[in-house]
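To keep things clear, I will list the structure first and then write my remarks on it.
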Amino acid sequence: MTILVDADACPVKEEIYKVAARHKVPVVIVSNSPFRIPQSPLVSRVVVNDSFDAADDWIAERAAPSTVIITADILLAERCVKADAQVLAHNGRPFTKDSIGSAIATRAIMADLRSGMNAGDGIGGPPPFSKRDRSEFLQALDQVLVKMRQKR
């Protein structure tokens, strides 16, 4: 098992490190720019070039049934779900074969709404990341790793 993290905008990296250490699962932090990672044999970093979707492409190419992908990017999630990877959003919500279609549709609707608005008319973004989101993410990641280990 391996956890691959779409890390540039990931608010739960510290939580990932904690859960991964408890389960002794390697973590790969994938980003367009370098930043600090813990000194641990379980945590490594891959810095991709700054071309559009370079991190997504790197992650999607390695997505497999034995990987857990952490991302908020719905299109990356779709690619990884198709590869039978376990995919979690930063708030712990899983992306599955049953849910990814509606997530993509919602994304498209929101993009259409934003494109038809005047500057300053904003429809708002997602709510601020909360302690509850962090807690739900911790629980979801732990559950995914337990289930994956049981299948092995």
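Readers should treat all values here as calculations from the given coordinates under stated rules, not as data from a laboratory. Bear in mind the structure is a predicted one, so any value in this text is a computation, not a measurement. When we count neighbours, we look across all protein chains shown, and the Cβ atoms used for this are built from the backbone with ideal geometry, even at glycine.
If you stretched the chain out fully between Glu14 and Lys151, how much longer would it get, using 0.36 nm times the residue separation minus the C-alpha to C-alpha distance?
46.7 nm
Would you mind ranking Asp6, Asp73, Asp57 by Cβ crowding within 10 Å, fewest neighbours first?
Details: Asp6 24, Asp73 21, Asp57 15.
Taking fewest neighbouring Cβ atoms as first place, the list is Asp57, Asp73, Asp6.
Do you know the relative contact order of region 5-51, to the nearest whole percent, from alpha carbon pairs under 8 angstrom that are 6+ apart?
The value is 36 percent.
Enumerate by residue number the trypsin sites (Lys or Arg not before Pro) in region 5-72 meeting two conditions: DSSP loop (anything except H, G, I, E, B), and at most 16 other Cβ atoms within 10 Å of the site's Cβ.
Sparse-neighbourhood loop trypsin sites (Lys or Arg not before Pro): Lys24, Arg36.
Less than 15 Å apart at the alpha-carbon level, and either on another chain or at least 8 residues along: which aspartates and glutamates does that give for Lys151?
Those aspartates and glutamates meeting the cut-off are Asp84, Asp142.
Quick one: grab the alpha carbon gyration tensor of region 5-70, order the square roots of its eigenvalues as a ≥ b ≥ c, and give me rounded if a/c is under 1.5, else prolate or oblate depending on whether a/b is larger than b/c.
oblate
Hey, got a sec? Which GluC sites (Glu not before Pro) in region 1-91 land in a DSSP loop and have at most 16 other Cβ atoms within 10 Å?
none
If I model a spin label as a point 7 Å beyond the Cα along the Cα-Cβ vector, how far apart are those points for Ala21 and Val47 in nm?
Rounded to a tenth, the inter-label distance reads 2.4 nm.
Considering amide H positions built from the backbone, and no H for Pro or chain starts, which residues 5 or more places from Val87, or on another chain, come under 5 Å of its amide H?
Ile69, Phe95
Pull out a ≥ b ≥ c, the square roots of the eigenvalues of the alpha-carbon gyration tensor of region 51-95, then state rounded if a/c is under 1.5, prolate if not and a/b is larger than b/c, and oblate in the remaining case.
Values: a/c = 1.98, a/b = 1.19, b/c = 1.66.
Because a/c hits 1.5 or more and a/b fails to exceed b/c, region 51-95 counts as oblate.
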